[in-house]
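Heads up: the structure comes next, in structure tokens.
The values are calculated or read from the model by the stated rules, or taken from the named source; none is laboratory data. Quick caveat, the model's predicted, so the values are computed rather than measured. No Cβ is skipped: glycine too gets one built from the backbone with ideal geometry, and neighbour counts run over all protein chains shown.
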Amino acid sequence: MQCRGSQDPALKTDETPGDALYSLAQEFRAKGDDVAYRETLRFIVARYPSSRRAVTAKLELESDAGAAPAASR
């Protein structure tokens, strides 16, 4: 029988799939591949909606969407 973990998710040291994908998205962004960056963030939101990285991914997507029209001027 296993004990239920009471550790705060923000303090976890294990990397989750959402964490790994978020790191990958950041690598894409650093290399200038904005399409892959946004697609990876969308995948995190769709596939791992309850992960801690889904919230961050949503915020980044919304921020990018708001900045897109200003960038095209």
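Tabulated values for the structure
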| item | result |
| --- | --- |
| Extreme residue, surrounded by the most Cβ atoms within 10 Å (Cβ to Cβ), among residues of region 24-36 that are touching a helix residue (DSSP H, G or I) at 6+ places or on another chain (Cβ under 7 Å) and closer than 23 Å to Asp14 by Cα | Ala25 |
| Any chance Leu21 is farther than 18 Å from Ser63 by Cα, modelled with pLDDT under 95 and of a type in the set (A, V, I, L, M, F, W, C) | no |
| Subset of region 56-73 that is at pLDDT below 90 and in a helix (DSSP H, G or I) - its residue that is nearest to Thr16 (Cα to Cα) | Asp64 |
| Of all residues making up region 9-55, the number that are within 22 Å of Ala65 (Cβ to Cβ) and either in a loop (DSSP other than H, G, I, E, B) or touching a residue at least 40 places away in the same chain (Cβ under 8 Å) (or both) | 7 |
